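What follows is a short report on a single structure.
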Amino acid sequence: MRWIDGKEINIRQFTGETLCEKLATDLWGNDYDQWLKCADFIQTASFLIEFDTELTMGGIFAFLENSIGHYAPNIIQAFRIIGDKNDADILEKICQIAPPDIMRGEFLSETQQEYDITTFNDDHELNEEAEARIEELNKQLYLHSGIDIWSLLFTYLDEQIENL
């Protein structure tokens, strides 16, 4: 089976959890387009790991304006695939309020350089009500609600590996 770096790999040697550990170390340095060449279950895990990293390190507003936000539909689908309808629905609502591709476009069209440090308000035209709603919805995501997406993901991956 094709791995995210394009090489062949024996997936059967992994459990769902160890596959996620390998993905977490191997994702960086490989383009998102490379992920899309992998099996669907590897894509599912990759997008959830990347989303979790972005959310943990930068927060929901960083996700909305960074390049991973372009893949919000993939992430929403990944949540649904592992059986987490709650987070899929919440992220979908957030993206309806502030579509990531528009947020990224506004961010890049500003006079700042891509890696300049600015505030979200400096770069976007969302009103305070929209920002407050996004923050409210963000507090309902798994990081704050106690939903264990990892056990759902590991179980899903275990089943996929077993079916190979």
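Can you list the lysines whose alpha carbon sits under 22 Å from that of residue 93, skipping same-chain ones fewer than 8 residues off? Result set, ordered by chain and number: 85, 139. Counting only whole DSSP H helices of the chain, the ones at least 24 Å long by C-alpha along their axis and with mean Kyte-Doolittle hydropathy no lower than 0.0 are 40-58. Remark on residue 66: its backbone amide H falls under 5 Å from none of the residues 5 or more positions apart or on other chains, H modelled at 1.01 Å from N.
By the rule of a C-alpha distance below 23 Å, with chain neighbours fewer than 8 residues away ignored, the lysines paired with residue 22 are 7, 37. Rounded to the nearest 500, the 222 nm mean residue ellipticity of the chain from helices alone is -18500 deg cm²/dmol, with -39,500 (n - 2.57) taken per DSSP H run of at least 4 residues.
Values quoted throughout were computed directly from the atomic coordinates according to the rules given, and no laboratory measurement underlies them. Nothing here was measured: the structure is a model prediction, and the numbers come from that model.
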